[in-house]
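As structure tokens, the structure follows; a few thoughts come after it.
The values are calculated or read from the model by the stated rules, or taken from the named source; none is laboratory data. Remember, it's a predicted structure, so these values are computed and weren't measured experimentally. Every residue, glycine as well, gets a Cβ built from its backbone with ideal geometry; the counts of neighbours run over all protein chains shown.
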Amino acid sequence: MANFKGADILSTKTLSKGEILRIMEVANDMLPFARKEKRSNLLEGKILASLFFEPSTRTRLSFETAMNRLGGKVITISGSEGTSMVKGETIEDTAKMVEQYADVIAIRHGQMGAPAIMADNADIPVLSGGDGAGEHPTQGLLDLFTILHEKGRFDAMKITIVGDLKHGRTVHSLSYLLSNYDVELNYVSPKALALPEKVTKFLDERGANYKEMESLEEGLEGADILYMTRVQKERFEDPEEGKRLQDTYVLNREMIERINPNVVVMHPLPRVNEISTDVDDLPTAAYFRQAGNGVAVRMALLALVLGKA
């Protein structure tokens with residue numbers, strides 16, 4: 001059993017299978033509290049600093065819900081406006097300041113590596129809620145938790161990941177996690193949005209079984225999990241390039257029913273056009289359940305790093 005007390009959660013690269021299992025176990029224990037079936041004061045007296053310098057709906061709300069449902073409290077920053085960062089305060093100094101007020105930090109920032117800088121300068125645990133096109137470790141963990149709950153296992157599966165693989169920090173974190181398991185990974189994207197070298201190099205070093213392709217229908221065939229992602233136009237140097245690629249892949253009900261009616265469809269959300277709304281009421285459309293799982297997983301992480309699990 002891994003001891004997470006005082007730990008930072010900045011990347012999924014370094015998590016062992018034992019540590020992943022521990023997080024999954026605690027998240028499963030947290031489900032009744034996340035689903036409002038039970039109440040808890042496990043983190044009473046603890047304060048989460050929710051620092052979101054980039055826009056967020058699910059990650060921010062689920063972190064704050066997780067803390068509140070465990071009896072803790074939340075202080076928050078939304079965007080840089082209204083903070084001393086607009087006056088030139090550094091991430092380093094912000095970290096030293098926030099640790100005076102809180103017991104744990106959740107941070108999202110547009111600068112790759114910003115959560116690590118904060119962790120290096122704060123003497124309280126830091127949980128990354130995403131850093132630019134880098135990683136999104138807590139999303140990766142809730143994705144893995146969703147796969148477990150939808151399919152009952154991690155091993156012996158074919159998992160297809162589609163869309164903006166270059167900028168998709170959720171894709172990067174999930175890929176690092178899946179490299180621990182016996183899975184067949186298919187990556188579907190236009191060449192301009194293929195997996196970055198940092199991810200393919202990691203997968204190669206792990207001996208992962210993966211293929212890259214451009215056909216959504218090919219990736220859908222025989223897949224147990226289909227993980228769709230949006231094109232992240234905000235990450236493009238040329239916005240017109242983002243617009244051009246936005247509708248490369250569109251999944252609809254007819255395609256699923258024709259090719260693979262049993263596939264579990266996931267998406268980290270928000271979606272734009274890449275999943276038609278006629279998919280939503282399929283029993284295997286898991287993306288809203290996936291978003292709900294974020295509360296249980298983040299409850300688990302908060303409890304673990306605060307030594308209360």
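Run down LYS198, LYS166, LYS158 and say which single residue is assigned by TED's automatic domain parsing to the domain that holds ASN252, in contact with a strand residue (DSSP E or B) (Cβ under 9 Å, 6 or more places away or on another chain) and among the charged types (D, E, K, R). The conditions single out LYS158. In the set (1) basic (Lys, Arg); (2) more than 22 Å from the chain's Cα centre (by Cα); (3) farther than 20 Å from LEU306 by Cα, the condition left unmet by LYS96 is number (3). The number of residues in region 264-278 that are more than 15 Å from the chain's Cα centre (by Cα) and buried (at least 22 other Cβ atoms within 10 Å of the Cβ) comes to 3.
Taking LYS5, is it loosely packed, with under 15 Cβ neighbours inside 10 Å, outside the structural domain of ARG108 (by TED's automatic domain parsing) and in a loop (DSSP other than H, G, I, E, B)?
Working: loosely packed, with under 15 Cβ neighbours inside 10 Å: yes; outside the structural domain of ARG108 (by TED's automatic domain parsing): yes; in a loop (DSSP other than H, G, I, E, B): yes.
So LYS5 fits the description; yes.
Here's the yes/no breakdown for (1) assigned to a helix (DSSP H, G or I); (2) more than 17 Å from the chain's Cα centre (by Cα); (3) closer than 29 Å to THR200 by Cα:
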position	(1), (2), (3)
LEU15	no, no, yes
ASP29	yes, yes, no
SER50	no, no, no
GLU81	no, yes, no
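Close contacts from region 260-282, counting a first residue that is basic (Lys, Arg) and a second that is part of a loop (DSSP other than H, G, I, E, B), with Cβ to Cβ under 7 Å and a gap of 6+ residues or different chains, come to ARG271/ARG230.
Just so you know, in region 84-112 the residues that are in a loop (DSSP other than H, G, I, E, B) and touching a Leu at 6+ places or on another chain (Cβ under 9 Å) include one that is surrounded by the fewest Cβ atoms within 10 Å (Cβ to Cβ), and it is ASP103. Within region 90-101, residues that are more than 15 Å from SER80 (Cα to Cα) reach partners that are assigned to a helix (DSSP H, G or I) and not aromatic (Phe, Trp, Tyr) with beta carbons closer than 6 Å, at six or more positions or on different chains, in the pairs LYS96/ASN121.
Among the hydrophobic types (A, V, I, L, M, F, W, C), modelled with pLDDT of 95 or more, closer than 23 Å to GLN290 by Cα and not assigned by TED's automatic domain parsing to the domain that holds SER56: does that describe VAL231? It is false that VAL231 is among the hydrophobic types (A, V, I, L, M, F, W, C), modelled with pLDDT of 95 or more, closer than 23 Å to GLN290 by Cα and not assigned by TED's automatic domain parsing to the domain that holds SER56.
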